Protein chains: 2
Amino acid sequence: MTVQVIKGHIVHAPAFGKLDVLENGCIVLDNGKIAGVFQDVPEQYKNALTVDYGDRIIMPSFADTHMHAPQYAMLGMGMDLPLLDWLNTYTFNTEAAFKDTAYAREVYRALAREMIADGTTRVCAFSSLHRESTMILMEEFENAGLTGYVGKVNMDRNSGDVLTETTEESMRETMLWLDEASDRFDHVKPILTPRFTPTCTNELMAFLGKLAAERKLPVQSHLSENTSEIAWVKELHPDCAQYWESYAKYGLFNDRTVMAHCVHSDARERKAMKDNGVWVAHCPDSNVNLISGTAPVRQMVKEGVRVTLGSDIAGGALLAMNKVVTAAIRASKVKRIETNWTDDFLTVAEAFYLGTTGGAKFFGAGEGFAAGDELHAIVVDDADLPKPAKKLSVAERFERAVYLMDKHNITAVYSAGRQVK
Amino acid sequence: MTVQVIKGHIVHAPAFGKLDVLENGCIVLDNGKIAGVFQDVPEQYKNALTVDYGDRIIMPSFADTHMHAPQYAMLGMGMDLPLLDWLNTYTFNTEAAFKDTAYAREVYRALAREMIADGTTRVCAFSSLHRESTMILMEEFENAGLTGYVGKVNMDRNSGDVLTETTEESMRETMLWLDEASDRFDHVKPILTPRFTPTCTNELMAFLGKLAAERKLPVQSHLSENTSEIAWVKELHPDCAQYWESYAKYGLFNDRTVMAHCVHSDARERKAMKDNGVWVAHCPDSNVNLISGTAPVRQMVKEGVRVTLGSDIAGGALLAMNKVVTAAIRASKVKRIETNWTDDFLTVAEAFYLGTTGGAKFFGAGEGFAAGDELHAIVVDDADLPKPAKKLSVAERFERAVYLMDKHNITAVYSAGRQVK
């Protein structure tokens, strides 16, 4: 691969709330990296290999910064159950099944393919506690063309009978897994994954914090998802004034940390996230399905907290990230209703930013289609969407696609500079 | 067509909150009408023509009791605009385009086909104010296999420049349309459709009320969708203590009336609906998208108000009614959050009831797969959904299908006893 020109209508979000629309523009790639976005092909690239997508829209692909990969097997199930019953009836039993590596292979292959088909190219995923199946998940993500992080889950207490490990097992398996996983794949790397404070002993947390610091590893976990969880953490860590401190005291709360939910994070907790550079994975569909609450997303953005979007399958029942983007818009409108129509809602451009650039930055990318970044993009064919009453602008078509597109509308996907669909 | 036996797993909701699951059961049809639902084929039907759907699930098809058919052309658009700008920028301009009958034909044909593909077989739809295009909509619904009601919209004030009719035109066109439409189609009939109180003069309302009484016609309109609309109606009808009275005083508020939204209907308005037998079309996705509020659905059901579900495209961006069913569940969970976790949410069985039987009863049907009713059903093939960790019960598969199924999972559709997909 050397220089390549990709032509079409280019739409991306180079800043929160800003949408750049270039009709009949082009992206020039140099060895898969973005050399620039241009209206016309610059003179020096006139003879480069060109792919012309014509009237189709080229936009950034999505980043899903929080999901439980094994729970793909239970997508859309158990939604009538309270959180603890849901965990005990479905979640822990489902994850326990991933001891079976053949089953893991089958489910993870289907998951990876569906994610690429839906236009998700960056991911931060929880596996189960099983080391071997975690390696399989990483391999299937890599093979399908996904990039990002996968974590073997650590959980050595309060995890039910079917899905638990001793502290010693958890530490040993984590070390073995890191040895195997760290350099095995080009695009999928390990991330430390204490499930959440209630399921991890202090000893395990201390071990993980030390490991994170020594090896500069990223960390993912859950924070302030619902009120009873917060109360539980308070009981477990009476020395911590707030939930986040139960991570911070072990060195698990810094600018390599992504924390899912943060629904009930008050001003002090939000300031701690901002000051520590922690990333928030807002999971709007999960927060509604599990009746967790309505996250203060706009408030977090305004205060400078780094907000990204997660599908959180299977608390969330939507895997396709364009649907999670619209779920974030809807959740923000619910927040507006809850605040007696005072909080602003997220516009399409704003929510799209969170689902693309917002997440992509956690993986080291720049803003929108930034020069120097490897290309992560989808090509959208909206020709089969309802015929409008007048010719639509590309910006209107973009907005409609975010709401309506399905995997069959996504006709090409680029991930880390390679075409993977 | 004489006697026919349809075999498969039968799931239906014969009462609010009740789910009947019959594994490997059958439905016997006599000339398209349900003779009964049985575990085994009764002796007298052993030799009847049999269609065996094997491991697939047969469930009632959906009823969409509120939608604006021309707004299909603007699905998923303008969602960042406040209601009035949205109406003026998109809605009225889009509807105005339906003066062009060739355009109407194209859009309505696509709409009708998509609805059948999604498993909606009963509909109560607003057309535009155009008589000819309204006839085209009825014809396209009829030809695609839909059943129910379509209304030429009446709007003789406050409707913008592009989309208005004089009082005299509105009355004349309505009479002409009724002459043409009343007996033209077997399955699609006219419904009187004053857009909403602000767009209809008292003279027009009085005319429609008289017509509804004389011809025993059904009526559809909007009620208490948002607070500024309610205030506006109060100004227009200072004699009415509440919004609903502006319909009631003209005889447009009875057991043949379906009122969309009722988001802000208080106890007195809800009692009026109950006492008058009015049907509520709850439109959960629209209420969120347009930031209208969170309807008190469970409260209405508990009080005995008849609740049905509507897509309300294009205030709603979801046409497929299984997605509207899950939107109703999600909205009810938001209500639970809003009420500090005191209001119960809608279970899958409850919301499915509202989207099937709840609406079907407006069209004269009984509960679930009731004997004597023409069959309205879909056949769901869930084989391509994620592979679960253990064999699922049919009830679990049903729940998952309600959340995840897409048109490609719906492999057959029956409407009024005929197979239409």
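Restricting attention to the range A:91-148, and to residues there that are of a type in the set (G, A, S) and more than 19 Å from the chain's Cα centre (by Cα), which single residue is nearest to the other protein chains (Cβ to nearest Cβ)?
A:A97
Considering only residues of the range B:214-223 that are surrounded by 24 or more Cβ atoms within 10 Å (Cβ to Cβ) and in contact with a helix residue (DSSP H, G or I) (Cβ under 7 Å, 6 or more places away or on another chain), which is farthest from B:V288 (Cα to Cα)?
Filtering the range B:214-223 for residues that are surrounded by 24 or more Cβ atoms within 10 Å (Cβ to Cβ) and in contact with a helix residue (DSSP H, G or I) (Cβ under 7 Å, 6 or more places away or on another chain), the one farthest from B:V288 (Cα to Cα) comes out as B:V219.
Which residue out of B:E374, B:E350 is in the same structural domain as B:V51 (by TED's automatic domain parsing) and either touching a Cys at 6+ places or on another chain (Cβ under 9 Å) or not polar (S, T, N, Q) (or both)?
Going through B:E374, B:E350 in turn, the sole match is B:E374.
Identify all residues within the range A:91-100 that are in a helix (DSSP H, G or I) and farther than 19 Å from B:E399 by Cα; write none if there are none.
Of everything in the range A:91-100, those that are in a helix (DSSP H, G or I) and farther than 19 Å from B:E399 by Cα turn out to be A:F92, A:E95, A:A96, A:A97, A:F98, A:K99.
Conditions (1) facing chain A (nearest Cβ under 10 Å); (2) assigned to a loop (DSSP other than H, G, I, E, B); (3) among the charged types (D, E, K, R), marked per residue:
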residue	(1), (2), (3)
B:L385	yes, yes, no
B:P388	yes, yes, no
B:F398	no, no, no
B:H408	yes, no, no
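Test each condition in (1) assigned by TED's automatic domain parsing to the domain that holds B:C283; (2) open to solvent by 50 Å² or more (accessible area, probe 1.4 Å); (3) part of a helix (DSSP H, G or I) for B:K361 and report the one that comes out false.
(1)
Mind telling me which of the residues B:V348, B:V402 ends up being within 10 Å of chain A (Cβ to nearest Cβ), of a type in the set (V, I, T) and touching an Asp or Glu at 6+ places or on another chain (Cβ under 6 Å)? Steps first, answer last, please.
On the way: B:V402 fails: touching an Asp or Glu at 6+ places or on another chain (Cβ under 6 Å).
Every option except B:V348 fails the conditions.
When you go through A:L319, A:L309, A:L354 one by one, which is the residue that is touching a strand residue (DSSP E or B) at 6+ places or on another chain (Cβ under 6 Å), at negative phi and either within 11 Å of another protein chain (Cβ to nearest Cβ) or among the hydroxyl-bearing types (S, T, Y) (or both)?
A:L319
For B:R122, are the conditions met, namely being farther than 23 Å from B:T357 by Cβ, open to solvent by 20 Å² or more (accessible area, probe 1.4 Å) and either touching a residue at least 60 places away in the same chain (Cβ under 8 Å) or of a type in the set (D, E, K, R) (or both)? Show your work before the answer.
Details: farther than 23 Å from B:T357 by Cβ: no; open to solvent by 20 Å² or more (accessible area, probe 1.4 Å): yes; either touching a residue at least 60 places away in the same chain (Cβ under 8 Å) or of a type in the set (D, E, K, R) (or both): yes.
Spelling it out, it is not the case that B:R122 is farther than 23 Å from B:T357 by Cβ, open to solvent by 20 Å² or more (accessible area, probe 1.4 Å) and either touching a residue at least 60 places away in the same chain (Cβ under 8 Å) or of a type in the set (D, E, K, R) (or both).
Would you mention how many residues in the range B:318-358 are closer than 24 Å to B:P14 by Cβ, part of a helix (DSSP H, G or I) and among the acidic types (D, E)?
Looking only at that region, the number is 1.
Could you tell me which of the residues B:L346, B:L375, B:L392, B:L309 is without any contact (Cβ under 8 Å) to a residue 24 or more places away in the chain, among the aliphatic types (A, V, I, L, M) and over 21 Å from A:V324 (Cβ atoms)? Reasoning before the result, please.
Working: B:L346 fails: without any contact (Cβ under 8 Å) to a residue 24 or more places away in the chain; B:L375 fails: without any contact (Cβ under 8 Å) to a residue 24 or more places away in the chain; B:L309 fails: without any contact (Cβ under 8 Å) to a residue 24 or more places away in the chain.
From the options B:L346, B:L375, B:L392, B:L309, the qualifying one is B:L392.
Quick check, is B:F38 open to solvent by less than 50 Å² (accessible area, probe 1.4 Å) and away from every other protein chain (no Cβ under 14 Å)?
Against the criterion (open to solvent by less than 50 Å² (accessible area, probe 1.4 Å) and away from every other protein chain (no Cβ under 14 Å)), B:F38 does not qualify.
Taking the options B:G8, B:G54, B:G25, name whichever one is surrounded by fewer than 17 Cβ atoms within 10 Å (Cβ to Cβ), in a strand (DSSP E or B) and of a type in the set (G, A, S). Steps first, please.
Working: B:G8 fails: surrounded by fewer than 17 Cβ atoms within 10 Å (Cβ to Cβ); B:G25 fails: surrounded by fewer than 17 Cβ atoms within 10 Å (Cβ to Cβ).
Step by step, each of B:G8, B:G54, B:G25 is checked, and only B:G54 is surrounded by fewer than 17 Cβ atoms within 10 Å (Cβ to Cβ), in a strand (DSSP E or B) and of a type in the set (G, A, S).
Quick test for you: out of A:L111, A:L137, A:L81, pick the one residue that is without any contact (Cβ under 8 Å) to a residue 12 or more places away in the chain and closer than 29 Å to A:D156 by Cβ.
A:L81 is the lone residue from the list that is without any contact (Cβ under 8 Å) to a residue 12 or more places away in the chain and closer than 29 Å to A:D156 by Cβ.
Under 6 Å between Cβ atoms, which residue pairs at least 6 apart in sequence (or on different chains) link something in the range B:226-240 that is assigned by TED's automatic domain parsing to the domain that holds B:L87 with a partner that is of a type in the set (F, W, Y) and in a loop (DSSP other than H, G, I, E, B)?
Correct list of pairs: B:I230/B:Y243; B:V233/B:Y243.
Please go through the range B:58-75 and pick out each residue that is within 14 Å of another protein chain (Cβ to nearest Cβ) and assigned to a strand (DSSP E or B).
Passing the criteria: B:M67, B:H68.
How do the pairs read when you match residues in the range B:177-199 that are without any contact (Cβ under 8 Å) to a residue 40 or more places away in the chain with residues anywhere that are open to solvent by 10 Å² or more (accessible area, probe 1.4 Å) and in a strand (DSSP E or B), using Cβ under 8 Å and keeping only pairs 6 or more apart or on different chains?
Final answer for the pair search is B:S182/B:K189; B:F196/B:H222.
Here are some conditions: (1) over 22 Å from B:H68 (Cα atoms); (2) crowded, with 18+ Cβ neighbours inside 10 Å. B:A206 meets all but one. Which one does it not meet?
Answer for B:A206: the failing condition is (2).
Looking at B:N202, B:N158 in this structure, which one is more than 23 Å from the chain's Cα centre (by Cα) and over 18 Å from B:E95 (Cα atoms)?
The match here is B:N202.
Every residue in the range B:79-90 that is of a type outside the set (A, V, I, L, M, F, W, C), within 12 Å of chain A (Cβ to nearest Cβ) and either in a helix (DSSP H, G or I) or buried (at least 24 other Cβ atoms within 10 Å of the Cβ) (or both), please. It would help to see each step written out before you state the result.
Here is the first cut: in the range B:79-90, the residues of a type outside the set (A, V, I, L, M, F, W, C) are B:80, B:82, B:85, B:88-90.
From what's left, within 12 Å of chain A (Cβ to nearest Cβ): B:80, B:82, B:89-90.
If the condition is that a residue be of a type outside the set (A, V, I, L, M, F, W, C), within 12 Å of chain A (Cβ to nearest Cβ) and either in a helix (DSSP H, G or I) or buried (at least 24 other Cβ atoms within 10 Å of the Cβ) (or both), then B:T89, B:Y90 are the ones that fit.
Just checking, how many residues over the range A:143-170 are open to solvent by 10 Å² or more (accessible area, probe 1.4 Å), of a type in the set (A, V, I, L, M) and within 30 Å of A:H376 (Cβ to Cβ)?
Qualifying residue count, the range A:143-170: 1.
Name the single residue, out of those in the range A:325-345 being among the β-branched types (V, I, T) and within 9 Å of another protein chain (Cβ to nearest Cβ), that is surrounded by the fewest Cβ atoms within 10 Å (Cβ to Cβ). Write out each step before concluding.
Step one: filter the range A:325-345 for residues among the β-branched types (V, I, T), giving A:325-326, A:329, A:334, A:337, A:339, A:342.
Filter again for within 9 Å of another protein chain (Cβ to nearest Cβ), leaving A:326, A:329, A:334, A:337.
Details: A:T326: 28, A:I329: 26, A:V334: 27, A:I337: 20.
My answer is A:I337.
Any idea how many residues of the range B:278-290 are assigned to a loop (DSSP other than H, G, I, E, B) and open to solvent by 20 Å² or more (accessible area, probe 1.4 Å)?
Summing the residues that are assigned to a loop (DSSP other than H, G, I, E, B) and open to solvent by 20 Å² or more (accessible area, probe 1.4 Å) in the range B:278-290 gives 1.
Looking at A:D64, is it among the acidic types (D, E), surrounded by 15 or more Cβ atoms within 10 Å (Cβ to Cβ), touching a residue at least 12 places away in the same chain (Cβ under 8 Å) and touching a Leu at 6+ places or on another chain (Cβ under 9 Å)?
Considered against the rule, which asks whether it is among the acidic types (D, E), surrounded by 15 or more Cβ atoms within 10 Å (Cβ to Cβ), touching a residue at least 12 places away in the same chain (Cβ under 8 Å) and touching a Leu at 6+ places or on another chain (Cβ under 9 Å), A:D64 comes out as yes.
I'd like to know if the range B:169-185 contains one or more residues that are more than 20 Å from B:H261 (Cβ to Cβ) and touching a Ser or Thr at 6+ places or on another chain (Cβ under 7 Å).
yes
The values are calculated or read from the model by the stated rules, or taken from the named source; none is laboratory data. Being a predicted model, the structure only gives us computed values, none of them experimental. Positions of Cβ are generated from backbone atoms using ideal geometry, with glycine treated the same way; all protein chains shown enter the neighbour counts. Keep in mind that these areas ignore ligands, DNA and RNA; they rest on the heavy atoms of the full protein, side chains included. Shrake-Rupley method; radii C 1.70, N 1.55, O 1.52, S 1.80 Å.
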